[in-house]
Every structure is written in C-alpha cells, then in structure tokens.
Amino acid sequence: MGSKIGFILSLVFVFQTFLFGGDILSIQIIRSDLDSLSQLIAQKISKSGKLDDDIKAIASSNKAEVKCINNCFPQFGDQLTFTLTRPYYPLIISSEEMMVSITRSVLIGYYN
C-alpha cells in the first residue's frame, strides 16, 4: 500500500520532468530554426549591403524579428551585427513569454 502511494506521489515529479524536457527540446528546435534563418538573412544582407524591408519580411514570414545592433548603415567591407528573436510560450519553465534570440555578424560584400 505504501509503495502505491509513493508511486502516485512520484508521478508529479516525473510529469514535471517530462514537461521540462519538452521545454528544453522546443527551445533547441527554435534556436536551430533561427540559426538556419540567420544564414539565409546573412547572405541576403551581404548581397544587398543593408538590412532592408524584404529581409525583415523574410524574417517575419518565419515568425521571427530581425534587428540591427551595430553598424546599421555599412559600407562595402564593413561588418553588420544583427539579432533574430522569436517568442516562445513555455510549458513549465516560466509563466511568461520567453524570447529566444541569436546574434550574428555579416561582412558586407562577401558572399559565395
């Protein structure tokens, strides 16, 4: 009888652990998506030489937001730094919205 009660009480912790693992997995998937999107955006910025509305539209179509951090009006050969953010509503980590973000730099005028 005591082991059955212990098992039932331990299920609360097991359930929380599964939810925490789900949050970590979801954040990792979002970060991976942002990383692949940042490579596309970096290539487009390098070719166009600036962070324009077309690039922001690409980011928003992927449910992300792109912002320039450093050197927003670069010349040829300058380095532009940008950040991509996407909101995430966690299951158990927090009761509020979390922003998953990555920061990347691109060299203007250098592309394959």
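The values are calculated or read from the model by the stated rules, or taken from the named source; none is laboratory data. This is a predicted model, so every value here is computed, not measured. Every residue, glycine among them, receives a Cβ derived from its backbone with ideal geometry; neighbour counts consider all protein chains shown. Note: areas computed on protein heavy atoms with side chains; ligands, DNA, RNA excluded. Shrake-Rupley method; radii C 1.70, N 1.55, O 1.52, S 1.80 Å.
Over all directions, how big on average is the projection of the convex hull of the alpha-carbon atoms in the stretch 71-112, in square nanometres? Intermediate values should be presented prior to the final figure.
Details: hull surface 16.9 nm².
The directionally averaged projection comes out at 4.2 nm².
Find the accessible area per residue for the chain; the probe is 1.4 Å, ligands and nucleic acids are left out, and the unit is Å².
69 Å²
Using the Cα centre of the chain as the reference point, and only Cβ charges (+1 on K/R, -1 on D/E), how large is the resulting charge dipole? Debye, rounded to the nearest 20.
Values: 10 positive and 10 negative charges, 32 e Å.
Charge dipole of the chain: 160 debye, to the nearest 20.
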Q) Over the Cα atoms of the chain, Rg to Rh with Kirkwood Rh, two decimal places? A) 1.26
Q: Kindly count the pairs of lysines across the chain whose alpha carbons are less than 30 Å apart, treating pairs on different chains or eight or more residues apart as eligible.
A: 9
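Tell me, what % of the accessible area of the chain is carbon and sulfur with a 1.4 angstrom probe?
Details: 4490 of 7690 Å².
Using a 1.4 Å probe with all protein chains present, the chain comes out at 58 percent carbon and sulfur.
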Q: Between residue 28 and residue 63, with labels modelled 7 Å along Cα→Cβ, what's the label distance in nm to one decimal, could you check?
A: 1.9 nm
Q. Using a simple spin-label model with points 7 Å from Cα along the Cα→Cβ vector, what separation in nm is obtained for residue 110 and residue 5?
A. 6.7 nm
